[in-house]
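For reference, the structure discussed in these notes is given below.
The values are calculated or read from the model by the stated rules, or taken from the named source; none is laboratory data. Just so it is clear, the structure is predicted and the values come from calculations on it, not from any experiment. Note: ideal-geometry Cβ built from the backbone for every residue, glycine included; neighbour counts use all protein chains shown. Note: accessible area is taken over every heavy atom of the protein model, side chains too, but ligands, DNA and RNA are not part of it. Shrake-Rupley method; radii C 1.70, N 1.55, O 1.52, S 1.80 Å.
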Amino acid sequence: MLKSDCRSLATLNLACFSVCLHRSILCRAVQRVLFTRALRNPTSSYVQGMNELMVPFLIAFLAEFQAVPPLELDVSEITTSQFHVAEADSYWCFCKFLGVMQNHYTFGQPGIQESCFKVKELLKRADSELYEHLTNEGVDVLHFAFRWLNCLFLREFPAKCIPRLMVNHIFPVTRFQVKTFVKDTYLAEGDDLPHFIEHFCLVILLKWSAQFKEMTFQSIVSFIQNPPTKRWTVSEVRYFPQMH
């Protein structure tokens with residue numbers, strides 16, 4: 001599964017990163033990081049979707065050497081030694097990142113199951129009318145929140161928004177020279193990341209609450225599977241995390 005996931009990077013929402021990377025080099029680096037982590041963490045090993053969480057780190061660290069935004073990276077200017085440094089830094093950050101969500105990726109993924117329950121409870125308190133409508137239509141939170149929580153919305157947003165979500169605050173004082181990506185990120189949440197993601201799920205549901213209340217089961221599921229977030233800009237992504 002790991003090998004096929006890495007080979008299929010071009011089909012992911014992050015595919016536009018490949019315009020600035022030689023895909024074979026990217027895939028080998030991602031494979032090495034994921035394989036090493038899986039060996040050192042047998043409890044969770046590898047879960048499908050981890051490759052999508054890994055790629056933004058590698059892109060960001062490579063872009064650091066050119067002091068450009070990640071999507072403007074020109075890999076032809078990256079040396080082999082720089083690529084190895086970026087790969088090592090990516091491994092450390094990726095492991096640190098997953099460390100706060102370890103039970104999201106162990107057998108049965110109990111962390112995601114618990115977070116889905118919490119999203120349901122949050123929605124019940126925040127918008128009981130929407131909660132009742134979804135329940136009456138037979139729409140369970142697991143129908144959509146599981147993917148959100150597993151891939152942390154990386155499949156829901158365009159690639160230009162991913163650095164805003166993922167790689168701005170790897171350290172309290174960022175070492176990146178890319179000044180356009182300096183706030184409102186997952187990593188800034190630290191150990192509170194699971195709670196942040198749960199509230200992010202709630203905010204997404206509340207944004208389209210009025211529309212959902214007019215929809216039937218099939219329309220709701222279709223909308224959630226193809227949300228308009230895929231057309232969002234960085235400024236819109238910047239606004240949403242602040243609402244939690």
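Suppose we filter region 31-84 for residues that are closer than 21 Å to residue 111 by Cβ, small (Gly, Ala, Ser) and assigned to a loop (DSSP other than H, G, I, E, B); how many remain?
3
I'd like the residue in region 101-125 that is among the hydrophobic types (A, V, I, L, M, F, W, C) and open to solvent by 60 Å² or more (accessible area, probe 1.4 Å) and, out of all such residues, is nearest to residue 190 (Cα to Cα).
If we filter region 101-125 for residues that are among the hydrophobic types (A, V, I, L, M, F, W, C), which is where we start, we get 101, 107, 112, 116-117, 119, 122-123.
Of the ones still in play, those that are also open to solvent by 60 Å² or more (accessible area, probe 1.4 Å) are 107, 117.
Numbers: 107: 23, 117: 21 Å.
The residue in question is 117.
Filter region 28-63 down to the residues that are open to solvent by 40 Å² or more (accessible area, probe 1.4 Å) and on the phi > 0 side of the Ramachandran plot and list them by number. It would help to see each step written out before you state the result.
Residues of region 28-63 that are open to solvent by 40 Å² or more (accessible area, probe 1.4 Å), as a first pass: 28, 31-32, 35-36, 39-43, 45, 48.
Hit for region 28-63 is 45, nothing else.
Can you pull out the residues in region 186-201 that are surrounded by 18 or more Cβ atoms within 10 Å (Cβ to Cβ) and on the phi > 0 side of the Ramachandran plot?
Those that are surrounded by 18 or more Cβ atoms within 10 Å (Cβ to Cβ) and on the phi > 0 side of the Ramachandran plot: none in region 186-201.
Pairs needed: first member in region 88-107, among the acidic types (Asp, Glu); second member anywhere, surrounded by 14 or more Cβ atoms within 10 Å (Cβ to Cβ); C-beta distance under 8 Å; at least 6 residues apart or different chains.
Taking only residues 6 or more apart or on different chains, the pairs are 89/57; 89/61.
On the given criteria, is residue 87 acidic (Asp, Glu), more than 30 Å from residue 134 (Cβ to Cβ) and part of a helix (DSSP H, G or I)?
Details: acidic (Asp, Glu): yes; more than 30 Å from residue 134 (Cβ to Cβ): yes; part of a helix (DSSP H, G or I): yes.
In short, yes.
Would you pick out the residues in region 64-78 that are open to solvent by less than 70 Å² (accessible area, probe 1.4 Å) and under 12 Å from residue 25 (Cα atoms)?
Selection gives 75, 78.
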